[in-house]
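The values are calculated or read from the model by the stated rules, or taken from the named source; none is laboratory data. Nothing here was measured: the structure is a model prediction, and the numbers come from that model. Every residue, glycine as well, gets a Cβ built from its backbone with ideal geometry; the counts of neighbours run over all protein chains shown. Side chains included, ligands, DNA and RNA excluded: accessible areas come from the protein's heavy atoms. Shrake-Rupley method; radii C 1.70, N 1.55, O 1.52, S 1.80 Å.
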Amino acid sequence: FDLRATGPAEVVKASARFDSLIGRVGLRFKVNDDWMIYSSVAEGEKPGGLRLVNANVIDPNTGELIPSVLVNPFELEKLTAYELGAKGVLFDRLSIDAAVFYNDWRDIVLRQLQETDPETGNLLEQPVGFNVNAGSARVLGLELSATLQITDRWRASGSAGWVDAELRDAAQDQFENYPTFAPTGDVSGNKLLRQPEWDASASLSYDREFGSDWKWYARGDVTYQSGVY
């Protein structure tokens with residue numbers, strides 16, 4: 001990293017290594033020719049990372065600003081996913097897929113404000129954002145989808161999902177500056193960012209042959225998603 005824009009040339013070298021072993025185990029049981037139930041447990045990981053952050057460090061002796069590059073390593077995130085579901089067909093025209101799932105998400109990377117150089121402890125001119133493994137979450141959800149072949153040419157489909165996604169043991173230090181929200185910076189119990197509680201969709205389509213080699217179709221779709229943080 002060549003820091004030429006804010007001071008003398010400085011080369012900062014940093015490295016990080018992440019190893020992971022992931023996998024999935026599933027069971028499937030065929031109830032009859034039309035229905036099947038299944039379950040699975042999967043382990044997933046999101047690699048960690050390494051960021052180099054530009055910042056001005058205050059010299060404790062002179063008060064001068066020293067252009068610096070701060071090294072911000074963070075560990076990988078881990079998730080264990082459990083799922084139980086069923087797939088089947090009714091009346092030879094209606095296919096149904098339903099599932100319930102639970103995700104145990106650990107070591108979530110949350111952005112934290114850093115006010116000091118993590119190596120020297122010297123104050124920074126202004127806080128900078130660091131990636132920190134500072135939380136965990138649990139995600140419980142239900143999903144249902146269905147497709148109905150109304151006639152040979154008309155088909156309708158729809159889906160709906162509900163998710164309860166909540167942070168656990170999560171800290172956002174900068175929220176200490178907003179005491180009416182999180183006086184200690186503890187944001188446990190809050191909803192996950194960008195995760196809607198409800199979503200749904202529906203579609204209706206029609207197709208027909210056009211000559212011997214062509215087919216035309218028309219389709220309309222509607223979708224819904226509840227608010228997110």
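By the rule of a C-alpha distance below 22 Å, with chain neighbours fewer than 8 residues away ignored, the lysines paired with Lys30 are Lys87.
Counting heavy atoms of the protein chains alone, Glu143 has an accessible area of about 100 Å² for a 1.4 Å probe. A straight Cα-to-Cα reach below 18 Å connects Lys78 with the aspartates and glutamates Asp19, Glu43, Glu45, Asp104, Asp107, Glu166, Asp169, residues fewer than 8 places away in its own chain not being considered. Here r is the Cβ-Cβ distance between Ala86 and Leu50 and R0 is 30 Å; the resulting FRET efficiency, rounded to 0.05, is 0.10.
Out of every Cα pair in the chain, what percent are spaced more than 22 Å from each other? The answer is 70 percent, as a whole percent. Region 75-92 and region 182-229 have Cα centres spaced 18 Å apart. Ranking of Leu65, Leu70, Leu21 by solvent-accessible surface, largest first: Leu21, Leu65, Leu70 (1.4 Å probe, protein heavy atoms only, all chains present). Length available on full extension from Lys13 to Ile58: 0.36 nm per residue minus the Cα-Cα distance, which gives 14.0 nm. Projecting the Cα atoms of Ala218, Pro127, Ile58 onto the charge dipole of the chain (Cβ charges, centred on the Cα centre) puts Ala218 farthest toward the positive pole. Cβ-Cβ distance of Leu204 and Leu144, R₀ of 22 Å, FRET efficiency by 1/(1 + (r/R0)^6): the value works out to about 0.75.
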